[in-house]
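K.L.:
This structure is in structure tokens; I'll ask about it shortly.
The values are calculated or read from the model by the stated rules, or taken from the named source; none is laboratory data. Note that the structure is predicted; figures quoted are calculated from it, not measured. Reconstructed Cβ throughout: ideal geometry from the backbone, glycine too, with neighbour counts over all protein chains shown. Heads up: the accessible areas ignore ligands, DNA and RNA and are worked out on the full protein's heavy atoms, side chains in. Shrake-Rupley method; radii C 1.70, N 1.55, O 1.52, S 1.80 Å.
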Amino acid sequence: MSKRVLIVDDAAFMRIKLKDILEKNGYEVVAEAQNGNEAVEKYKEVNPDVVTMDITMPEKDGVEALKEIKAFDKDAIVLMCSAMGQQTMVMDAIRAGAMDFIVKPFDTERVIKALDKAVS
């Protein structure tokens, strides 16, 4: 059975790119969200196996959304997505329970390796 993924990113083209990478590698994208508030709602709705979470988003950033998701489900698997230069926020996310992080722009091999490791 394919692993179910929730993609969270405020940039539509990033969601499209990530969805393309995941679906070509056997993952099922069950939902997408464009901010942290939507991410928490969608997580509760679809209960995905793994979440890819952008860090910098409007309304609620990825670190805050991660904390809410982990409070709701301590076993949630969340991988943070960040651009270069966001090391401090990545460290905050890891401390808050993120499993790993993926650097943008996305490298297909790195994305799949991180997800495979997270859900195995």
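K.L.:
About the Cα centre, and with charges only on the beta carbon of Lys, Arg (+1) and Asp, Glu (-1), how big is the dipole of region 4-119? Nearest 20 debye, please. Before the final figure, lay out the partial values.
P.N.:
Numbers: 16 positive and 22 negative charges, 54 e Å.
I would put it at about 260 debye.
K.L.:
Starting from the Cα-Cα distance between A83 and R95, subtract it from 0.36 nm times their residue separation and give me the gain in nm to one decimal. Let's see the in-between values first.
P.N.:
Numbers: separation 12, 0.36 × 12 = 4.32 nm, distance 1.84 nm.
Stretched fully, the A83-R95 segment lengthens by 2.5 nm.
K.L.:
Continuing with this model, one more query. Taking only protein heavy atoms and a 1.4 Å probe, what accessible area per residue, in Å², does region 4-119 have with all protein chains in place?
P.N.:
Details: 5730 Å² over 116 residues.
That works out to 49 Å² for each residue.
K.L.:
Tally the DSSP beta bridges in the chain and give the antiparallel ones as a percent, rounded to 5. Walk me through the numbers before you get to the answer.
P.N.:
Details: 0 of 17 bridges.
DSSP beta bridges in the chain are roughly 0 percent antiparallel.
K.L.:
Arranged from highest to lowest average of other beta-carbon atoms within 10 Å per residue, in what order do the peptides 101-108, 90-97 appear? Before the final figure, lay out each step's value.
P.N.:
On the way: 101-108: 15.5, 90-97: 17.0.
Result, highest mean Cβ count within 10 Å first: 90-97, 101-108.
K.L.:
Between K44 and D116, what FRET efficiency comes out of the Förster formula 1/(1 + (r/R0)^6) with R0 = 41 Å and r the beta carbon distance, rounded to 0.05? Display every interim value, and only then the final one.
P.N.:
Numbers: r = 25 Å, r/R0 = 0.62.
Plugging the Cβ-Cβ distance into 1/(1 + (r/R0)^6) gives 0.95.
K.L.:
Please tell me the relative contact order of the chain in percent, rounded to the nearest whole number, where contacts are Cα pairs under 8 Å and at least six residues apart.
P.N.:
23
K.L.:
Here is a follow-up. Here are a few candidate values for log10 I(q)/I(0) by the Debye sum over Cα atoms at q = 0.17, 0.20, 0.21, 0.23 Å⁻¹: [x] -0.73, -1.06, -1.19, -1.49; [y] -0.91, -1.07, -1.13, -1.22; [z] -0.80, -1.02, -1.09, -1.26. Which one was actually calculated from the structure I just gave you?
P.N.:
[x]
K.L.:
Related question: Over the chain, with every protein chain in place, what whole percent of the accessible area is carbon and sulfur at 1.4 Å, could you tell me?
P.N.:
Values: 3190 of 6190 Å².
Carbon and sulfur atoms account for 52 percent of the accessible area of the chain.
K.L.:
What number, rounded to the nearest 500 deg cm²/dmol, is the helix-based mean residue ellipticity at 222 nm of the chain, given -39500 (n - 2.57) per DSSP H run of at least four residues and division by all its residues? Provide the component values of the computation, followed by the final result.
P.N.:
Details: 5 runs with 56 residues, N = 120.
Dividing the helical sum by the residues of the chain leaves -14000 deg cm²/dmol.
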